[in-house]
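Note sheet for the following structure.
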Amino acid sequence: MITTQKLTGDLADDGWKGASDDCNMENLKNSESCDPSSFLRHFRKSSATPVMLLRHIAQAMATEMQEGLDHPGERKLKMLPTYLECLPTGNERGLFYAIDLGGTNFRVLRVQLDGKEGRILKQESIQVPIPQEVMTGSSKDLFGFLAKTIVQFVSREADLGFECVALNQKRDIGFTFSFPVNQTKVNGGSINAWTKGFSISDGVGEDVVDQLEIALADMGSVNTKVVCLVNDTVGTLAQCRYWNDDAMVGVILGTGSNACYVERAAAISCWSSPPEADDLTVVNIEWGNFCSELLPRTFADEGLDADSLNPGQQEFEKMIGGMYLGEILRRVLLKMAEDTGLFGSEIPERLTKPFSLLTPHMSTMHGDDTSSLEVVGSVIEEAIGVKYTTLATRKVVYDVCDIIAERGARLSAAGIVGILTKINRCGDLMLSCLTTPNDTEVKKTVIAIDGSLYEKYPKFRNYMEDAMKEMLGEDYANNVTTTLSKDGSGVGAALLAAAISTELRLGDVGVTK
Ligand code: ADP
Ligand code: MG
């Protein structure tokens with residue numbers, strides 16, 4: 001245990017309840033002592049996201065999106081083109097594959113599609129951990145490993161009762177690749193950097209699809225073709241769009257956060273041969289890097305950013321991503337332990353260790369509906385190592401979870417409403433914030449969302465959905481639906497492969513799209 005010098009003794013024994021209000025944002029910054037309830041009041045205030053602020057943040061997001069489209073690669077929002085010319089419709093038929101490389105595992109999937117009547121007749125996947133020596137080897141080792149796994153999986157298609165692809169026909173694959181890529185065409189792009197624990201000695205700047213196809217050709221036994229290279233937001237949108245034509249936006253709320261949306265192909269200025277002007281495509285916003293003076297940042301965000309591997313970047317993601325919410329909580333509780341003696345006269349040592357509190361800890365505590373907050377108490381004991389806490393202390397910890405989650409959820413909602421503003425589906429209430437008034441359309445819009453934060457943190461989800469209603473107004477909000485699009489990074493890519501090859505087949509026989 002580390003002893004704090006700032007403490008006046010008995011605060012942990014509920015003694016702080018009547019303490020004086022000597023906290024303000026200045027002394028939150030300057031580490032002067034105050035009582036937990038004053039600290040909490042000021043922290044709540046500096047994290048506040050009233051609806052008018054959210055509307056302005058949404059407007060700033062829409063403006064930045066346009067900036068990013070007009071100045072490719074030069075603004076904080078990269079607005080990466082996917083070069084997709086179609087999305088799944090539900091009419092696709094046949095056997096299609098997807099591969100998904102994004103973290104510690106590699107997945108291969110196949111789906112048997114039977115148009116709108118049969119939909120997804122059959123689906124199967126395997127997931128294999130990437131061996132450490134492959135994660136830190138050469139790109140040839142990595143793509144060789146991926147190719148070997150694909151070939152083994154493909155060769156079992158007949159045994160499992162899947163309709164086989166004719167020998168003279170290629171198996172089309174959608175490739176979800178969640179690393180930074182400089183995409184040059186719908187099925188090609190060079191890797192900018194290996195991240196997430198991969199430290200491959202070479203391959204940066206080379207086309208990942210070419211490398212995979214060379215490795216597959218070296219294996220010699222299967223006839224495969226990668227028809228699209230996408231990231232997880234696009235897979236999420238594609239999966240939802242397969243079922244519902246109104247799906248316009250894909251959002252990831254998991255470890256990190258990002259979004260993509262349906263845009264006019266003509267808006268992509270760097271596309272040398274875009275399809276017809278009215279045709280649609282998908283843009284990957286990379287919204288995690290959004291930043292704005294409007295974002296309600298606190299000392300905890302500043303500290304987290306300064307100590308991060310990428311200071312000054314991904315400001316928005318650092319306020320909403322699952323990787324960060326628990327760490328923000330830890331930083332706030334540590335400051336409260338130091339300044340207000342929240343956990344008594346000593347500072348729990350574990351609380352001084354970055355990432356000792358994770359977002360699942362936070363959602364578990366936030367989900368505690370017992371009157372004595374027993375779950376909060378046991379998480380504090382397990383994660384922070386403080387065995388005995390008073391109800392008042394547990395209530396403070398609960399409230400801090402609530403403030404951080406509410407802010408993250410409401411900012412995520414502002415991001416989504418920003419996209420709706422960009423595509424003119426935001427309703428009249430948002431118009432009051434627009435610098436250039438739009439003609440907002442009343443059309444049904446579906447937002448496809450994937451990620452554990454949305455799926456497994458009900459209070460986060462509820463705060464987000466409530467904030468969207470507040471921003472859009474109840475009436476307009478009835479046109480906007482958010483829906484879990486689980487596992488889009490896998491199935492979505494297979495459905496996209498199916499859509500692309502259906503489109504190509506129609507093109508071959510001269511059918512207009
Ligand atoms: P990924 O983003 O890697 O594809 P997920 O969508 O599963 O994976 O998101 C993982 C993130 O979600 C982790 O950062 C974790 O903190 C957070 N998370 C996992 N389970 C929960 C939970 N029950 N409540 C809140 N957050 C969770
Ligand atoms: Mg994911």
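The values are calculated or read from the model by the stated rules, or taken from the named source; none is laboratory data. Since the structure is predicted, the reported quantities are computational estimates derived from the model, not experimental observations. Don't worry about glycine lacking a Cβ; one is built from the backbone with ideal geometry, like all the others, and counts go over all protein chains shown. Areas reflect the complete protein model, heavy atoms only, side chains present, ligands, DNA and RNA absent. Shrake-Rupley method; radii C 1.70, N 1.55, O 1.52, S 1.80 Å.
Details
- Some residue of region 459-472 being more than 16 Å from ligand 2 (Cβ to nearest atom) and over 22 Å from L53 (Cβ atoms): no
- Scope region 454-467; condition open to solvent by less than 10 Å² (accessible area, probe 1.4 Å) and of a type outside the set (F, W, Y); matching residues: M464, A467
- Some residue of region 255-262 being within 16 Å of ligand 2 (Cβ to nearest atom), touching a strand residue (DSSP E or B) at 6+ places or on another chain (Cβ under 6 Å) and open to solvent by 20 Å² or more (accessible area, probe 1.4 Å): no
- Flag not set for G137, criterion: touching a Cys at 6+ places or on another chain (Cβ under 9 Å) and at negative phi.
- When the criteria are applied in full, T236 fails the requirement of being open to solvent by 40 Å² or more (accessible area, probe 1.4 Å), within 16 Å of ligand 2 (Cβ to nearest atom), of a type in the set (S, T, N, Q) and over 15 Å from L80 (Cα atoms).
- Unique residue being open to solvent by less than 20 Å² (accessible area, probe 1.4 Å) and modelled with pLDDT of 90 or more when the list is T445, T483: T445
- Restricting region 345-379 to residues that are in contact (Cβ under 8 Å) with a residue 40 or more places away in the chain and touching a Cys at 6+ places or on another chain (Cβ under 9 Å), the residue that is surrounded by the most Cβ atoms within 10 Å (Cβ to Cβ): M362
- Selection count, region 84-106, where residues are assigned to a strand (DSSP E or B), touching a residue at least 60 places away in the same chain (Cβ under 8 Å) and within 16 Å of ligand 2 (Cβ to nearest atom): 4
- Top-ranked residue in region 269-309 [being among the β-branched types (V, I, T) and either open to solvent by 10 Å² or more (accessible area, probe 1.4 Å) or not in a loop (DSSP other than H, G, I, E, B) (or both); ranked as farthest from G408 (Cα to Cα)]: T281
- Identity of the residue in region 41-66, open to solvent by 60 Å² or more (accessible area, probe 1.4 Å) and part of a helix (DSSP H, G or I), that ends up farthest from A247 (Cα to Cα): R41
- Meets criteria (open to solvent by less than 10 Å² (accessible area, probe 1.4 Å), in contact with a helix residue (DSSP H, G or I) (Cβ under 6 Å, 6 or more places away or on another chain) and farther than 19 Å from Y457 by Cα) for L342: yes
- You will find that of G203, G188, the residue that is farther than 28 Å from Y454 by Cβ, over 18 Å from the mean Cα position of the chain (by Cα) and modelled with pLDDT of 95 or more is G188 and no other.
- Qualifying residue in region 1-18 (condition: small (G, A, S), at pLDDT 95 or above and farther than 30 Å from G189 by Cα): no
- Selected residue [outside the structural domain of C291 (by the TED database), closer than 22 Å to L113 by Cα and either at pLDDT 95 or above or within 16 Å of ligand 1 (Cβ to nearest atom) (or both)] from V226, V222: V226
- For region 99-106, the criterion of being away from ligand 1 (no atom under 16 Å from the Cβ) and among the aromatic types (F, W, Y) is met by none of the residues.
- The test for being touching a Lys or Arg at 6+ places or on another chain (Cβ under 7 Å), at pLDDT below 95 and not basic (K, R) does not hold for V181.
- The set of residues in region 229-270 that are within 15 Å of ligand 1 (Cβ to nearest atom) and farther than 25 Å from F316 by Cα contains only Q239.
- Among the conditions (1) touching a helix residue (DSSP H, G or I) at 6+ places or on another chain (Cβ under 7 Å); (2) part of a strand (DSSP E or B); (3) assigned by the TED database to the domain that holds K422, T255 misses just one, which is (2).
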